[in-house]
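Working notes for the structure below.
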Amino acid sequence: MIRQVGVLGAGQMGSGIAHVLAMQEYQVVLFDIAEEQLQKALTGIRKNLGRQADKGLVDSSAIDDIVGRIKVSQAMEDLADCDMAIEAVTEREELKLDIFRKLDEIVKKEAILASNTSSIPITRIAAVTSRPDRVIGMHFMNPVPVMKLVEVIRGLATSDETFAAITDLVEKLGKESSVSADYPGFIVNRILIPMINEAAFALYEGVASAEDIDKGMQLGTNQPMGPLTLADFIGLDTCLAIMNVLYEGFKDSKYRPCPLLVKMVEAGFLGRKTGRGFYTY
């Protein structure tokens, strides 16, 4: 029975995951190495709950109780009694592997360890633990409180019991699962990120302006935002990291990152979070 959940990483994804768990009355331990980020996450969660209350999606009188179910911590040891932990840190493989090694030592042996990774193989993550049968991918979409999908990724050793527990949790959070085999990029990013990369190539090669590329895809294919706008929202560093995982994982030139995307990341033009990407904010 999952009652208490640890969430590692208090950025946009981690805070969103903590938000939806607390709304469904799970006790949450939100871990981050930075106290400032933890306080920023709590402020953001409260603000987003206020927006939901304005839309009638949550009772405003319940906001204090929801936020009160989230305990923040800078000590990973505080996750020891959690029934499961969800890692939602930066999309860097070496960082994730290090976290799972530590989690495996800290969290009780029967607990499930999940990763919110959008591209890194779950089998590889599970292999650094002593419980590969209890490791699974749980890829939430951004923004977590709004988006209905959670990709569930089974590693080679993930047990049926672990899979059933996580699909049940997804349902209890009011979301839907799509189940993916453990191949680079899974479902969503294997399709989405190459589209963004191709849009970057279209800009790089002078096919059209960023505005016209986005207008073409938005109005021509009924997407809510164009691929370059979406890339800025996701973060160009994250897009590049996922393209590199696809390129290295499949060894196929069709996944070669666009040189313009590489240069922009090298320049620190990462999108909305830095104020400049394909557009200026």
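Excluding same-chain neighbours fewer than eight residues apart, the aspartates and glutamates reachable from residue 40 by a Cα-Cα span under 14 Å are 32. Among DSSP beta bridges lying fully in the chain, give the percent that are antiparallel, nearest 5. Close to 20 percent.
Reported to the nearest whole Å, the Cα centre-to-centre distance from the stretch 46-124 to the stretch 216-257 is 26.
Summary value for the stretch 190-272: 33 percent relative contact order, contacts being C-alpha pairs under 8 angstrom separated by 6+ residues.
Excluding residues fewer than 8 places away in the same chain, name every one of the aspartates and glutamates whose C-alpha is closer than 15 Å to that of residue 108. Answer for residue 108, where 15 Å is the Cα cut-off: 77, 78, 81, 83, 133, listed by chain and number.
Checking the cross-link pairs 71/172; 96/273; 172/263 against a 32 Å limit on the alpha carbon distance flags 172/263 as lying beyond it. The chain has equivalent-ellipsoid semi-axes of 31, 23, 17 Å, by the square roots of 5 times the alpha carbon gyration tensor eigenvalues, sorted largest first. One chain, two ends: residue 47 and residue 219. Fully extended at 0.36 nm per residue, the span grows by 58.7 nm beyond their Cα-Cα distance. Over the chain, Cα pairs under 8 Å with separation of 6+ residues give a relative contact order of 13 percent. Evaluating kT/(6 pi eta Rh) at 4 °C and 1.567 mPa s, with the Kirkwood radius of the stretch 190-272 over Cα pairs in the Stokes-Einstein relation, gives 102 µm² s⁻¹. Which lysines, if any, have their Cα less than 18 Å from the Cα of residue 175, not counting same-chain residues under 8 positions apart? Filter leaves 148.
Bear in mind these aren't lab numbers, they're just calculated from the coordinates by the rules spelled out. What you see is a predicted model; the values in this text were computed from it and never measured.
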